[in-house]
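*Asks:* The structure is given below, and queries will be raised subsequently.
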Amino acid sequence: MGAIRTNAAAAMLGVSPNTLRSWERRFGYPEPRRTAGGHRQFDLNEIEALRSAFEETHNISSAVALARERGAGPATPSRLRSAFARFDEVDADRVLEESLAVRSVERTVEEVLLPAVESLDPEEGATAEYGFAWRWATGWLSAATRVAPPATREDGVLVFDASAPCDMDSLHAQALELCLRRRGLRVLTLTMALDPGRLSRALHALEPRAVVLTGRRASLDALGRLVYAARRTGGDEVTVYDFRGALPSAGPTTVPRLGDSALAATEHLLAGPAPGRVSPSERRLLAVGARG
């Protein structure tokens, strides 16, 4: 990855050049090489490894031991989280590129990208780091979705997304669409903030066999109206699913739940139940939608 001078290496680690030189003398790490003019040049891999380890341990002796053990280490959520915390787009790109060398796109999203963003998700109020991470992630997912191969299956999946900007649910909805598209399914994702009466053209174009409800910002009335519109077009051939707890938990439900993983949800949808079955929970949704 190249070499950098003392001042640049110290800046990456967030310490002074004198502190970096003291670590070199005390631990022998990071170990620079000398130019013909006698200037120190540090290996960028070692500096990256030490920075990542120091952010995890907050103790220099432990960080040195950890960095020596694993080098720059594999692409991990902690390394991506570190890039997000430093607002470093270039490093974030590099971490995911490294992951794609050993993981599929789907597993990179599930095992690296989403956990890294989620680890920054604040309980109360937004932070600049989380906002940066969310926006970077949604851009990356959008780009990956645009280059997904064309559909090879007749089956269509309609995703109703009831999330809001900066919701983790929004990223999970994008991840689900990406996984479905990469498995050859035809997918249409629509926001819940639309008039169900204007759905007919989209529904006739897609002819979905599955409707997936995701996000947690829609009322039961809104969910019912959309499901009713989908059923009115597709009939009993359409199966309704709940992804990541979209349906309000006001008692038991028999709407199939896809769980929290986009990969697992994709496999579930591909294996889907026999058509023609309407669950009691779906009937309740349809009744709500018909009243609306």
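*Asks:* If you check LEU176 against the conditions, is it open to solvent by 20 Å² or more (accessible area, probe 1.4 Å), among the aliphatic types (A, V, I, L, M) and either in contact with an Asp or Glu (Cβ under 9 Å, 6 or more places away or on another chain) or closer than 22 Å to LEU247 by Cα (or both)?
*Replies:* no
*Asks:* So which residues in segment 219-249 are acidic (Asp, Glu) and more than 18 Å from ALA264 (Cβ to Cβ)? Before the answer, list the steps.
*Replies:* Of the residues in segment 219-249, the ones acidic (Asp, Glu) are 221, 236-237, 242.
Hits for segment 219-249 are ASP221, ASP236, GLU237.
*Asks:* Still on this model: Among ALA144, ALA126, which is closer than 29 Å to LEU185 by Cβ and small (Gly, Ala, Ser)?
*Replies:* ALA144
*Asks:* Taking ARG21 as meeting all but one of (1) modelled with pLDDT under 90; (2) touching a helix residue (DSSP H, G or I) at 6+ places or on another chain (Cβ under 8 Å); (3) open to solvent by 50 Å² or more (accessible area, probe 1.4 Å), write down the number of the exception.
*Replies:* For ARG21, the exception is condition (1).
*Asks:* Which of the following residues is touching a residue at least 24 places away in the same chain (Cβ under 8 Å) and not in a helix (DSSP H, G or I): ALA151, ALA133?
*Replies:* Details: ALA133 fails: not in a helix (DSSP H, G or I).
Among ALA151, ALA133, only ALA151 is touching a residue at least 24 places away in the same chain (Cβ under 8 Å) and not in a helix (DSSP H, G or I).
*Asks:* Only one residue in THR138, THR152, THR214, THR191 is surrounded by fewer than 16 Cβ atoms within 10 Å (Cβ to Cβ), modelled with pLDDT of 85 or more, of a type outside the set (Gly, Ala, Ser) and under 30 Å from THR127 (Cα atoms), so which one is that?
*Replies:* THR191
*Asks:* Further, regarding this structure: In segment 157-188, how many residues are of a type in the set (Asp, Glu) and more than 17 Å from GLU123 (Cα to Cα)?
*Replies:* We begin by selecting, within segment 157-188, every residue of a type in the set (Asp, Glu); these are 161, 167, 169, 177.
Narrowing the set further to residues that are more than 17 Å from GLU123 (Cα to Cα) leaves 161, 177.
Total satisfying the criteria: 2.
*Asks:* So, one more: Would you point out the residue of segment 183-214, among those that are among the small types (Gly, Ala, Ser) and closer than 17 Å to THR266 by Cα, that is nearest to the chain's Cα centre (by Cα)?
*Replies:* Looking at residues that are among the small types (Gly, Ala, Ser) and closer than 17 Å to THR266 by Cα, I get GLY184.
*Asks:* Right, another one. Does GLU97 satisfy the criteria of being over 14 Å from GLN174 (Cα atoms) and either under 10 Å from the mean Cα position of the chain (by Cα) or not aromatic (Phe, Trp, Tyr) (or both)? Break it down into steps so the answer makes sense when it comes.
*Replies:* On the way: over 14 Å from GLN174 (Cα atoms): yes; either under 10 Å from the mean Cα position of the chain (by Cα) or not aromatic (Phe, Trp, Tyr) (or both): yes.
Yes, satisfied.
*Asks:* Something else about it: Answer yes or no as to whether ALA49 is open to solvent by less than 20 Å² (accessible area, probe 1.4 Å), more than 30 Å from THR266 (Cβ to Cβ), modelled with pLDDT under 85 and not polar (S, T, N, Q).
*Replies:* Judged against the criteria, ALA49 is a match.
*Asks:* Tell me which residues, restricted to segment 6-18, are aliphatic (A, V, I, L, M) and open to solvent by less than 30 Å² (accessible area, probe 1.4 Å). Lay out the reasoning, then the answer.
*Replies:* First pass over segment 6-18, keeping only residues aliphatic (A, V, I, L, M): 8-13, 15.
Answer for segment 6-18, where residues must be aliphatic (A, V, I, L, M) and open to solvent by less than 30 Å² (accessible area, probe 1.4 Å): ALA9, ALA10, LEU13.
*Asks:* Could I ask something else about it? Just to verify a result, which residue in segment 205-252, among those that are of a type in the set (Lys, Arg) and assigned to a helix (DSSP H, G or I), is farthest from ALA175 (Cα to Cα)?
*Replies:* So the residue we want is ARG232.
The values are calculated or read from the model by the stated rules, or taken from the named source; none is laboratory data. Bear in mind the structure is a predicted one, so any value in this text is a computation, not a measurement. When we count neighbours, we look across all protein chains shown, and the Cβ atoms used for this are built from the backbone with ideal geometry, even at glycine. Just so you know, the surface numbers come from the protein's heavy atoms only, side chains and all, with ligands and any DNA or RNA stripped out. Shrake-Rupley method; radii C 1.70, N 1.55, O 1.52, S 1.80 Å.
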